[in-house]
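**Q** One structure follows; several queries about it will come next.
The values are calculated or read from the model by the stated rules, or taken from the named source; none is laboratory data. Treat the numbers as computed from the prediction; the structure is a model and nothing was measured. Glycine gets a Cβ as well: all are built from the backbone with ideal geometry, and neighbour counts include every protein chain shown. These accessible areas exclude ligands, DNA and RNA; they are computed on the full protein's heavy atoms, side chains included. Shrake-Rupley method; radii C 1.70, N 1.55, O 1.52, S 1.80 Å.
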Amino acid sequence: MTENRAVKVVLAGAYGHGRSHLENLRHLSARGLVELAGVCDVREVDAEWLHGLGAPAQARPDGLAGLIERTGAEITILCTPINTHADLAVTALRAGSHLLLEKPPAASMAAFERITAAVGETGLACQIGFQSLGSAAIPALRKLIASGELGEIRGIGVAGAWERPAEYFTRSAWSGRRRLDGQDVVDGALTNPFAHATATALAVAGAEERGSVASVELELFHANPIEADDTAAARIRLADGQVITVAVTLCATGRSEPYLIVHGSAGTARLTYTTDELDGTVHPRANLLENLAAHVRTGAELLVPAPRTGAFMEFMEAVRLAPDPLPISDEHQEIHADRRELPGIRELTDLSAERLALFSELGVAWAAAPGAARG
């Protein structure tokens, strides 16, 4: 393998979150590590968006295989709607391209299995885009837990509270949907914007591969007029007896950084996974595309191979199969012209992480209604 060369890359999905991939490609291109050879989207990508990236070939999603073959792309970054991941991932792999697949990997376990089967058939790499799993903070926290300094671990609590405008839920046909045209989408707060929260907690617990999750309790709600959850709580019981709770919302005021707390009999540890800060110390984070490019060039070990996300997909499957989220009535909301807010919701997510409790266990009126959506 040749160590010093730029790896050719195709980006499928340049709009929305795809813009962050374009920025990363600019950064890595400037270092001579990658070359953007092609862009694949349902609409042509403006030249100004590709500034500093040359003049890559373009194609529509149904031309992805041809684009890969025409450009000789060794890596495809797949940043398309969740319900398209499986088809496009298999297409890219069978066209001979390694894969950087955005989270969540797939909308269902069956779709995830299609992808992993194609990985096995082709012998190519599939790196899943859980950026937080490239953080050195996770092994540092696991080492702290293993040292016994925190005592006996009684659980991990996760809290996340962000604000999203109404247009966030209408930005595309699949936004805020559980299903679209007969296909699973499962685009909710738990499984998309806060997917990293659960994946990080599972990594800290050392429970990442399939078979790690014993059961999942879910409380799914929406304040906005959508199908999916914009506010939700979950309790994950692991096969080894550990417990993880996750409480998240997209109906807060402003943004605070989501975090997890490890509760031990002798102390606690707090990881802010978006900033890689563990109890006041900021740890370095590896770039997942750079790591994948190194894997292609030199055989470097992948940081987030698909099997490392098997337990997350067990959680994803539980959300997919759960009853549809229940609406939160207007009387419990502050409705603004451009967004909806749940008063006190940030404090509730904090309390959930502190007590390892679901919303219904915290005396929340809108979560205690008979028939609350629980899985």
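**Q** Would you compute, from DSSP H runs of 4+ residues alone, the mean residue ellipticity of the chain at 222 nm, taking -39500 (n - 2.57) per run and dividing by the full residue count, rounded to the nearest 500?
**A** Calculated at 222 nm, the ellipticity per residue is -8000 deg cm²/dmol.
**Q** Oh, and also: For a quick check: with amide H placed at 1.01 Å from N, whose amide H comes under 5 Å from E257's, ignoring anything fewer than 5 positions away on the same chain?
**A** Sorted by chain and number, the residues that satisfy this come to none at all.
**Q** In whole percent, how big is the carbon plus sulfur part of the accessible area of the chain, probe 1.4 Å, protein atoms only?
**A** The computed percentage sits at 49.
**Q** Convert each backbone phi in region 81-87 into a coupling constant with the Karplus relation 6.51 cos²θ - 1.76 cosθ + 1.60 (shift: θ = phi - 60°), then list the ³J(HN,Hα) values in order as whole Hz, x for Gly and Pro.
**A** Here the 3J(HN,Hα) series is x, 3, 6, 9, 4, 5, 4 Hz.
**Q** Once phi is turned into θ = phi - 60°, what whole-Hz ³J(HN,Hα) does the Karplus curve with 6.51, -1.76 and 1.60 give for every residue of region 53-64, x standing for Gly and Pro?
**A** Each residue of region 53-64 in turn: 10, x, 10, x, 5, 10, 7, 8, x, 6, x, 4 Hz.
**Q** Output ³J(HN,Hα) for region 208-220: one whole-Hz value per residue in order, computed from phi by the Karplus curve 6.51 cos²θ - 1.76 cosθ + 1.60 with θ = phi - 60°, and x for Gly and Pro.
**A** 10, 8, 4, x, 7, 9, 8, 7, 9, 9, 10, 10, 10
**Q** May I ask you to give the solvent-accessible area per residue for the chain, in square angstrom, as obtained with a 1.4 angstrom probe?
**A** Using a 1.4 Å probe on heavy atoms only, each residue of the chain averages 40 Å².
**Q** How would you order 329-338, 250-259 from highest to lowest mean count of nearby Cβ atoms within 10 Å?
**A** Descending mean neighbour count gives 250-259, 329-338.
**Q** For region 264-355, just say rounded, prolate or oblate: build the C-alpha gyration tensor, square-root its eigenvalues into a ≥ b ≥ c, call rounded for a/c under 1.5, and beyond that prolate if a/b exceeds b/c, oblate if not.
**A** Note, shape of region 264-355 comes out prolate.
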